[in-house]
1. If GLN40 meets every condition in (1) surrounded by 10 or more Cβ atoms within 10 Å (Cβ to Cβ); (2) modelled with pLDDT under 95 apart from one, which number is that one?
2. With the checklist (1) loosely packed, with under 15 Cβ neighbours inside 10 Å; (2) free of Cβ contacts under 8 Å to residues at least 40 places away in the same chain in hand, flag the one item GLY103 doesn't pass.
3. Could you list, in sequence order, the residues of the stretch 24-33 that are under 11 Å from the mean Cα position of the chain (by Cα) and either outside any helix (DSSP H, G or I) or over 27 Å from LEU101 (Cα atoms) (or both)?
4. Only one residue in LEU45, LEU61 is modelled with pLDDT of 95 or more, in contact with a Ser or Thr (Cβ under 8 Å, 6 or more places away or on another chain) and either within 30 Å of PHE104 (Cα to Cα) or not aromatic (Phe, Trp, Tyr) (or both). Which one?
5. Would you please list the contacts, defined by Cβ atoms under 9 Å and residues six or more apart or on different chains, that run from a residue in the stretch 31-53 that is of a type in the set (D, E, K, R) to a residue that is in a loop (DSSP other than H, G, I, E, B)?
6. Taking into account only those residues within the stretch 9-37 that are among the polar types (S, T, N, Q) and more than 30 Å from PRO52 (Cβ to Cβ), which is surrounded by the most Cβ atoms within 10 Å (Cβ to Cβ)?
7. When the residues of the stretch 54-84 are narrowed to those that are of a type in the set (A, V, I, L, M, F, W, C), in contact (Cβ under 8 Å) with a residue 24 or more places away in the chain and part of a helix (DSSP H, G or I), which ends up nearest to ALA41 (Cα to Cα)?
8. Working carefully through the options LYS87, LYS72, find the one that is crowded, with 17+ Cβ neighbours inside 10 Å and over 21 Å from THR22 (Cβ atoms).
Amino acid sequence: MSSSLEVTDQAAAAVAIAPRVTLADIEAAIGARYDFTAEQAVGSLGFPVVPPLQLLSICILSLQNGFTVIGKSAPASAANFDAELGKKFAYEDAIRQLWPLMGFALRDRLHREDPNA
């Protein structure tokens, strides 16, 4: 099954006629990935853990250039929590934050190469 990120990337690729940021570009820029729940993070610091922290999935992406983003996901209802889906959604949230940033970097590079483009 394709992720929503892959579907978006494929749709953009289908109509692209100029350089663009691809999902592969973003994934290649990732230097490290950390997935955990807020419960794990807060608990490891020795703070009291409240039940809602069990439901907050967090994904930290550290890029090879040193930039870092944090993705997150939590269900509205505890009954809907699924650890693997939470991990997936937090990762996708982090990727969605990177896409416009890398788009800006590409646009900046293209402008330097040809200010009239």
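The values are calculated or read from the model by the stated rules, or taken from the named source; none is laboratory data. Everything numeric in this text was worked out from a predicted model, so none of it was measured. Reconstructed Cβ throughout: ideal geometry from the backbone, glycine too, with neighbour counts over all protein chains shown.
1. With (1) surrounded by 10 or more Cβ atoms within 10 Å (Cβ to Cβ); (2) modelled with pLDDT under 95 applied to GLN40, the lone miss is (2).
2. Of everything listed in (1) loosely packed, with under 15 Cβ neighbours inside 10 Å; (2) free of Cβ contacts under 8 Å to residues at least 40 places away in the same chain, GLY103 misses just condition (2).
3. The answer is ILE30, ARG33.
4. Values: LEU45 fails: in contact with a Ser or Thr (Cβ under 8 Å, 6 or more places away or on another chain).
Result of the check over LEU45, LEU61: LEU61.
5. Final answer for the pair search is GLU39/VAL49; GLU39/VAL50; GLU39/LEU56.
6. Our first condition is that a residue be among the polar types (S, T, N, Q); within the stretch 9-37, this holds for 10, 22, 37.
Keeping just the survivors that are more than 30 Å from PRO52 (Cβ to Cβ) gives 10, 22.
Values: GLN10: 12, THR22: 16.
Filtering the stretch 9-37 for residues that are among the polar types (S, T, N, Q) and more than 30 Å from PRO52 (Cβ to Cβ), the one surrounded by the most Cβ atoms within 10 Å (Cβ to Cβ) comes out as THR22.
7. LEU55
8. LYS87
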